[in-house]
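Chemist: A single structure is presented below for examination.
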Amino acid sequence: MKRTSEISKIAGVSKRTLQFYDDEGMIKVERSENNYRLYDEKTLEKLWEIMVYKEMGLKLGDIKQLLVMSENEKKGFYKAYIEQIEEKIKELERQERFISLIIAKGLPQIPDENSDVTYKSRIAEIRRGCVDEEYRL
């Protein structure tokens, strides 16, 4: 059994982070007679798992769910999470292309007030690349 200060050094996280995980029920620690938090090997394994999930970019709520899932459920979660990441990558690539277009051609002209085109729809058209040939300064 190790105390919070020892685990903080081993894990490279603050004592407050360890206390937070305990308070949130993510790890289960025992208490000494002097009310010190004590960590066993099983708790260290949970802490490792939490830290890996944090590195994956998962939110606290997702991490809490993962901690109680079976290995099969976790695999399904990972696959769904990869799909979310892939969608984010696609969105970031669209943003990159849009910004590159602005760099190359400057801000597009504001749609004519008398047209049926809203600012938002015009930007969406440009972003989709539907009207690159019409895009002018």
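Chemist: Can you flag which of Lys9/Lys79; Lys64/Lys90; Lys75/Lys120; Lys42/Lys90; Lys28/Lys79 are past 31 Å Cα-Cα?
Modeler: Beyond 31 Å: Lys9/Lys79; Lys75/Lys120; Lys42/Lys90.
Chemist: Between Asp23 and Ala80, how high is the FRET efficiency from 1/(1 + (r/R0)^6) when r is the Cβ-Cβ distance and R₀ = 30 Å? Nearest 0.05.
Modeler: For R0 = 30 Å, the calculated efficiency reads 0.60.
Chemist: Can you classify the chain as rounded, prolate or oblate using the Cα gyration tensor, where a ≥ b ≥ c are the square roots of its eigenvalues, rounded means a/c under 1.5, and otherwise it's prolate if a/b beats b/c and oblate if not?
Modeler: Taking the square roots of the gyration eigenvalues as a ≥ b ≥ c, the chain is prolate.
Chemist: Another question, then. Starting from the Cα coordinates of region 2-68, work out the convex hull volume and express it per residue in Å³.
Modeler: Measuring per residue, one finds 80 Å³ for the Cα hull of region 2-68.
Chemist: If you line up the Cα atoms of region 90-134 on their principal axes, what length do they span on each, largest first, in Å?
Modeler: 33, 20, 15
Chemist: Still on this structure: For the chain, take the longest principal axis of its alpha carbons; what is the angle in degrees between that and the long axis of helix 41-55, to the nearest 10 within 0 to 90?
Modeler: Long axis of 41-55 versus the principal axis of the chain: about 10 degrees.
Chemist: Right, next: Using the crude model of +1 on Lys and Arg Cβ and -1 on Asp and Glu Cβ, and no other charge, please compute the dipole size for region 2-68 relative to its Cα centre, in debye to 20.
Modeler: 180 debye
Chemist: Let me know the charge dipole size of the chain about its Cα centre in debye, to the nearest 20, where only the beta-carbon of Lys, Arg (+1) and Asp, Glu (-1) is charged.
Modeler: For this selection, approximately 500 debye.
Chemist: Loop-only check: which GluC sites (Glu not before Pro) in region 1-92 are DSSP coil with at most 16 other Cβ within 10 angstrom?
Modeler: Glu24, Glu33
Chemist: Sticking with this one: Which of Leu66, Ile110, Gly129 sits farthest toward the positive end of the charge dipole of the chain, with +1 on the Cβ of Lys and Arg and -1 on the Cβ of Asp and Glu?
Modeler: Of Leu66, Ile110, Gly129, it is Leu66.
Chemist: So for Ile50, Ile126, fewest C-beta neighbours within 10 Å to most, what's the order?
Modeler: So the ranking, lowest neighbour count to highest, is Ile126, Ile50.
Chemist: Now for a separate question. In debye to the nearest 20, how big a dipole does region 90-134 give about its Cα centre with +1 on each Lys and Arg Cβ and -1 on each Asp and Glu Cβ?
Modeler: 240 debye
Chemist: Let me ask you something else. With angles folded into 0 to 90 degrees, how steeply does helix 119-128 sit against the dominant principal axis of the chain? Use alpha carbons for both and round to 10.
Modeler: 80 degrees
Chemist: For a Förster distance of 35 Å, can you work out the FRET efficiency between the beta-carbons of Asp116 and Arg94, rounded to the nearest 0.05?
Modeler: Working from the Cβ atoms, E equals 0.90.
Chemist: For region 80-114 and region 5-47, what is the separation of their Cα centres, given in Å?
Modeler: If we compute the Cα centre of each part, the gap is 44 Å.
Chemist: Next up: Measure nothing but the geometry: give the 0 to 90° angle between the long axis through the Cα atoms of 71-105 and the longest principal axis through the Cα atoms of the chain, rounded to 10°.
Modeler: 30 degrees
Chemist: Grab the Cα-Cα distance for Glu33 and Glu6, subtract it from 0.36 nm times how many residues apart they are, and report the gain in nm with one decimal.
Modeler: The span from Glu33 to Glu6 would gain 7.9 nm if fully extended.
Chemist: Using a Gaussian network for the chain with springs between C-alpha atoms less than 10 Å apart, which of these wobbles most: Thr43, Thr118, Thr17?
Modeler: Largest GNM mean-square fluctuation: Thr118.
Here, each number is a calculation from the coordinates, and none is a lab measurement. The structure presented is a predicted model; accordingly, all values stated were derived computationally and were not measured. Methodologically, a virtual Cβ is constructed for each residue, glycine included, from the backbone with ideal geometry; neighbour enumeration extends over all protein chains shown.
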